[in-house]
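Here the structure comes first, spelled out in structure tokens, and everything after it is commentary.
The values are calculated or read from the model by the stated rules, or taken from the named source; none is laboratory data. Values in this document were obtained by computation on a predicted structure and should not be read as measured data. Because the Cβ atoms are built from the backbone with ideal geometry, glycine has one as well, and the counts that use them run over all protein chains shown. Heavy atoms of the whole protein, side chains included, go into the accessibility calculation; ligands, DNA and RNA do not. Shrake-Rupley method; radii C 1.70, N 1.55, O 1.52, S 1.80 Å.
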Amino acid sequence: KVHLYFSVFVADLLVYIPAVILYCFSLKETSTKKKASICALCILLYPGLILIDHGHFQYPLSLGFALWGVLYLSYDWDLLGSVAFCLALNYKQMELYHSLPFFCYLLGKCFKKGLKGKGLVLLTKIAGTVVVSFAVCWLPFCTDMEQIMQVLRRLFPIDRGLFEACMFSSPPPHLANIWCSLSVLIKIKNIVSPQTQLKLSFAVTFLSLLPTCIKLTVQPSLRGFKFALVSCALSFFLFSFQVHEKSILLASVPVCLIINEIPFMATWFLLVSTFSMLPLLLKDGLLLPYAVTMLAFLSVCVASFSIFEKTSAEDLQLKPFSLSLKGYVSWFKSFPKIVRSLFLLSVTLMGILSVLSAAVHPPQRLPDLFPVSVSIISCLHFLLFLVYFNVVILWDSKNSRNQKKIS
């Protein structure tokens with residue numbers, strides 16, 4: 001067992017941590033080594049990934065490869081970025097959460113270059129790279145068609161139902177997505193057939209991420225790509241089929257990548273994402289590490305980024321949206337105060353629920369009171385965050401200024 005946990009640490013050292021450090025030092029916003037180091041420290045202190053990787057025990061390789069993909073694309077090394085993401089996707093199928101932003105961003109770059117010239121050449125190279133990467137990864141299974149189908153059934157066990165995949169234990173863990181939260185009031189699994197559940201979740205997920213994907217394809221930019229990674233992953237987490245509590249990490253890691261741009265909202269999101277996994281963390285006996293890492297992360301972010309001073313509409317990337325409201329712009333004057341108050345209320349509520357979940361026995365009639373409360377409150381947070389990130393993306397006025405790097 002010790003060797004297994006040590007192997008996670010080695011995987012961190014070889015794949016995930018180097019990607020984070022190189023990414024932070026490559027940012028234009030982190031003009032000094034001190035700023036880059038602070039940014040890297042905050043990302044590496046993200047409690048959710050620390051607790052899941054080293055407490056719950058999970059290899060960080062898929063997220064690490066995805067980060068390498070983002071890093072390569074930031075340098076316009078599109079083929080290397082494609083290989084890195086193919087490795088991430090073939091290591092863990094949940095990287096599908098990030099697949100559409102990668103696809104739309106690269107396709108958008110090809111469109112910008114012109115599909116009758118350089119764009120067509122780039123598209124052909126990327127397509128060839130993806131095919132070869134997948135072929136190499138799947139080569140060991142290609143000796144037998146039945147073996148391939150077995151792997152696919154294992155990767156996508158549709159017969160388990162809408163959220164059956166996250167219910168192996170008894171009582172089942174609770175999940176902060178829309179389907180599990182709604183099931184408290186409406187027993188969806190009892191009134192809708194599995195095939196209809198699949199179609200429903202697909203339709204809602206597709207519609208929720210469609211605006212972001214269209215915007216990214218039409219106006220590809222590295223900044224838009226990073227925000228799209230957050231929005232699309234969050235849409236998948238909230239609405240897709242068979243989600244696990246840990247899947248929120250697929251939205252959280254892209255949020256880490258924009259913590260230097262919107263430190264206040266990023267810090268808030270990362271705290272909520274860790275809190276949403278509280279029932280799983282308590283089950284694993286990680287109460288003390290949870291409390292320590294949450295406090296350490298919040299303290300470092302407050303000290304490093306002065307997050308409470310960065311709550312204006314401009315700091316939160318909402319200036320274009322506020323200007324589009326025309327007659328309602330005056331409401332934004334009190335916006336920073338409202339946002340800070342909501343943040344403090346949110347953190348207080350998370351703290352109280354964390355203490356109650358760990359120290360108080362729920363009523364006999366409501367044994368799941370605290371886990372359900374954690375799930376529903378987290379889900380409401382994530383829905384609001386999804387609206388926020390979509391507003392930032394769709395009203396983004398910086399994309400046009402970022403085209404010069406692509407063209």
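Observations on the structure shown:
- Per-residue Karplus couplings for region 213-226, computed as 6.51 cos²θ - 1.76 cosθ + 1.60 with θ equal to phi - 60°, are listed in order as 5, 5, 4, 5, 5, 6, 10, x, 8, 4, 5, x, 4, 5 Hz, Gly and Pro entered as x.
- Net charge of the neighbourhood of Pro254, taken over other residues with C-beta under 13 Å away and scored Lys/Arg +1, Asp/Glu -1, is 0.
- Violating pairs (Cα-Cα greater than 18 angstrom) within the set Lys310/Lys337; Lys35/Lys310; Lys215/Lys310: Lys215/Lys310
- Furthest towards positive pole of dipole, Ser208, Ser247, Gln219, structure part region 204-332, Cβ charges: Gln219
- In order along region 365-382, the Karplus-derived 3J(HN,Hα) couplings, from 6.51 cos²θ - 1.76 cosθ + 1.60 at θ = phi - 60°, round to 6, 10, x, 9, 4, 6, x, 5, 4, 4, 5, 5, 5, 5, 4, 4, 4, 5 Hz, and Gly and Pro are given as x.
- Max mean-square fluctuation residue, GNM over the chain, Cα-Cα springs under 10 Å, options Ala291, Ala233, Ala84: Ala291
- Per residue, the convex hull spanned by the Cα atoms of region 63-131 amounts to 68 cubic angstrom.
- Whole-number accessible area per residue in Å² for region 1-399, which is evaluated in the context of all protein chains at 1.4 Å: 48 Å²
- For region 221-287, the square roots a ≥ b ≥ c of the C-alpha gyration tensor eigenvalues yield an a/c of 1.5 or more together with a/b not exceeding b/c, which makes the shape oblate.
- The slack between Phe9 and Ser299, meaning 0.36 nm per residue of separation minus the straight C-alpha distance, is 102.0 nm.
- Share of carbon and sulfur in the accessible heavy-atom surface of the chain [1.4 Å probe, %]: 70 percent
- Near the amide H of Phe241, within less than 5 Å, lie no amide hydrogens of residues on another chain or at least 5 residues away, with H placed in the peptide plane.
- Here the average projected area of the convex hull drawn through the C-alpha atoms of the chain stands at 22.2 nm².
- Here the label points at Asn90 and Phe111, each 7 Å from Cα along the C-beta direction, are separated by 2.9 nm in the simple model.
- Region 239-309 and region 74-93 have their alpha-carbon centroids 25 Å apart.
- Taking only Cα atoms of region 182-313, radius of gyration then Dmax in Å: 17.5, 51
- A simple packing score, the average count of other Cβ atoms within 10 Å per residue, orders the peptides 115-123, 263-271 as 263-271, 115-123, with the highest score first.
- Dipole moment magnitude, nearest 20 debye, the chain about Cα centre, only Lys, Arg, Asp, Glu C-beta charged: 1220 debye
- The phi torsions of region 180-194, fed into the Karplus equation with coefficients 6.51, -1.76 and 1.60 and a -60° offset, translate into couplings of 5, 5, 5, 5, 5, 9, 10, 7, 4, 5, 8, 10, 10, 5, x Hz, rounded to whole numbers, with Gly and Pro shown as x.
- Between Ala127 and Asp144, the modelled label-to-label distance comes to 3.4 nm, taking each label 7 Å out from Cα in the direction of the beta carbon.
- Here the extension length gained between Phe202 and Ser324 equals 40.7 nm, from 0.36 nm per residue of separation less the Cα-Cα distance.
- Neighbour count of at most 14 Cβ within 10 Å plus DSSP loop: longest GluC sites (Glu not before Pro)-free window in the chain: 30-313
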